Structure formats: C-alpha cells, structure tokens
1. In the range 115-129, which residue that is among the acidic types (Asp, Glu) and assigned to a helix (DSSP H, G or I) is surrounded by the most Cβ atoms within 10 Å (Cβ to Cβ)?
2. Quick one: would you say residue 141 is in contact with a Leu (Cβ under 6 Å, 6 or more places away or on another chain), without any contact (Cβ under 8 Å) to a residue 60 or more places away in the chain and under 20 Å from residue 193 (Cα atoms)?
3. May I ask you to list the residues in the range 69-98 that are surrounded by fewer than 18 Cβ atoms within 10 Å (Cβ to Cβ) and charged (D, E, K, R)?
4. Among residues belonging to the range 184-200 that are within 15 Å of residue 217 (Cβ to Cβ) and in contact with a Ser or Thr (Cβ under 8 Å, 6 or more places away or on another chain), point out the one that is surrounded by the fewest Cβ atoms within 10 Å (Cβ to Cβ).
5. List pairs: first in the range 46-59 and within 17 Å of residue 140 (Cβ to Cβ) and in contact (Cβ under 8 Å) with a residue 24 or more places away in the chain, second of a type outside the set (D, E, K, R) and assigned to a helix (DSSP H, G or I), Cβ under 8 Å, 6+ apart or cross-chain?
6. Go through the range 1-41 and count every residue that is closer than 17 Å to residue 258 by Cα and small (Gly, Ala, Ser).
7. Step by step: first the residues of the range 255-275, then only those that are free of Cβ contacts under 8 Å to residues at least 60 places away in the same chain and surrounded by 18 or more Cβ atoms within 10 Å (Cβ to Cβ), then the one that is nearest to residue 20 (Cα to Cα). Which residue is that?
8. So residue 295 clears everything in (1) touching a residue at least 40 places away in the same chain (Cβ under 8 Å); (2) surrounded by fewer than 17 Cβ atoms within 10 Å (Cβ to Cβ); (3) in contact with a Leu (Cβ under 9 Å, 6 or more places away or on another chain) except one condition, right? Which one?
Amino acid sequence: MSAIANGVWPTMITPYTEDNKIDYDAVLRIIQWYDEQGVTGIFAVCQSSEMFFLDREERLNLAKFVVDHTPKHIDVIASGHVAASREDQIEEAKAIIDTGVSSYVFISNQFAKPEEGDDVVCGNIEYLIDRIPDATFGIYECPYPYKRLVTPENLKWCADTGRFKFLKDTCCNVDQLQEKVNAVKGTDLKIFNANSATLLESLKMGCAGFSGVMANFHSDLYAWLCANYEKEPEKAQLVQDFLGFASVIECQCYPVNAKYHMNLEGVKMGISSRSRDQAELTQSRRMEVEELHRLTQFFRETVLG
C-alpha cells in the first residue's frame, strides 16, 4: 500500500452474542453502516475493538472477517499488538498481516517501558520491522496500558524508514500536532487526529483526517468536515462546534454507549462489553445517548440538508 487515504477511519467496536462470543452478523452490519456513512477506511482490532480482551484466535478471525467483508473501496488496517516480548510481537504482527490488512498498526507503548527513551523505542521498532518484510505499518498512541506519545523526532525517524504510513494521534494538543505535521512533511506518513475538539484546526495544519471513537456515533459528520472544511469554512466551523461538544459522550461508558447508539441508528447488536460493565449505562445515561442521537438527526437535516 503506497499511501493511506485521507478521511475518516473509525476505530471499530466489537459486538458480542448472549454467550459472549463475537457476533459476526452484527460486525457485518457495522461494516455496512460505516460504508453508508462515507468512511475512508476501518481501523479494526484496536482498543475500541477490546483487543486486550480478545484471545489470539479471536483477534485473527475478527481481522480476517473485516477484511473479507469490507467493500473494496474501503481499506482496512488492524492492530492486535498486545504481546510483551519482541518475538511474540513479530509473530502476532505477521499473523494479522496475513489476513490481508493494508497496514499493521503497532501500539506506541509496546515499544518501550515508561521510563525508557526514544533510543529504546527506535531500536525496538527497527528490530521488529527488519523481521517483518513486505509490509507497511501504522502507530497508535493507545492510552492502555500506559500512554506513550510519539515525539516529533521519533515520528520523523519512523517516516524516514519508508515503512510507516499512519499515526493515530491522541495528544489532544494543536501545538504538538503542528510539530508532528512539520516533522513528517514530504513523507508518506499521514497523521490522523483521534481528538474531536481539535479536529478542524488539525486539518488546517495538515493532518489527514479523523480516527477516533466518535466515528462510531456519526461518521458522516466527520466525513463531511474532512471533505469540505476548505470549501465551506463557516459551515465547517459550525460542524466542528457540534462535533467537539458532542464528543463529551466519550467520557460516559464507552464502548457500551456506542453499541447502544448503534442500535438507535438501526444497527442491531447487544450492548455487552468485556472491557466495561454494561450496567454503567444507567437510565439517565441511556437518555443522554438518545438525546445526542436526536440532536444529531436534527443537525444533519438543518445544517447539512
């Protein structure tokens, strides 16, 4: 894959059956909904997918199912980077790559311990990619088990290898984003912002799009913003204001609330989760999700027509 396409890359959620197995019928419905929403690609087997709560076979089967059932005009990238040792990380990466994903996404905090510096990060990255030929990669600044932001210098080093095409950035800081954009200018590595509040500003400075949890609520609004922020700046600011404020729902009980919202969108699935107790979605929280859904519908009709 020579390049990652600009636009919206939802972090895909994982639905379960009543007996706590992956519900592949619902996975297919999610893929179809993403397509209808106008996404560019899908980021599967990530933290939103509860990858730390899936066993190795589940991670592989999920990645393969998403690749096999996603329309060809939508690319699929995936992670599943949960192993501790470098040798295990190599094997799990090769297995996910063999499912047919466009790029394999490493988790930044798996490259080094919290107290270790960029020299260790670069050394471990070099070790891994040298042993995984004929593949391209991404990096996700996953907050679990600890959050390790990629420095601009480290990101430039990754870009200069020619093997890295994607960064899912979670710094939530426009100044830091600008430094990273500057660092990879002229390379094939693209930065996708995971933070809704800073999205418009990050697009203006050169970020390639959005890859965050809120794409599981209203991907179409994010797709509109990414495609139209230059052509319709005043409307783009209004869309940004809505998306930034609506994103406070993230602080509720994700991904349970996203699964509940999917049902409101007509994408039927259970709302159980392995990472959160669905009982956290109390009556008042369900009402908040329902109110957000109605407000989104109103915004679509009145602002975007």
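1. That would be 118.
2. Yes: the conditions hold for residue 141.
3. 72, 86, 87, 88, 91, 94, 98
4. Restricting to residues being within 15 Å of residue 217 (Cβ to Cβ) and in contact with a Ser or Thr (Cβ under 8 Å, 6 or more places away or on another chain), the top hit is 197.
5. Hits for this filter: 48/216; 48/258; 49/62; 54/62; 59/51; 59/96.
6. Counting residues in the range 1-41 that are closer than 17 Å to residue 258 by Cα and small (Gly, Ala, Ser) gives 1.
7. 271
8. Residue 295 satisfies all of (1) touching a residue at least 40 places away in the same chain (Cβ under 8 Å); (2) surrounded by fewer than 17 Cβ atoms within 10 Å (Cβ to Cβ); (3) in contact with a Leu (Cβ under 9 Å, 6 or more places away or on another chain) except (3).
Laboratory data are not the source of any read-out in this text; all were calculated from the coordinates shown. Computed from a prediction, not measured in an experiment: that's the story for all the values here. Here the Cβ is made from the backbone with ideal geometry for all residues, glycine too, and neighbour counts use every protein chain on show.
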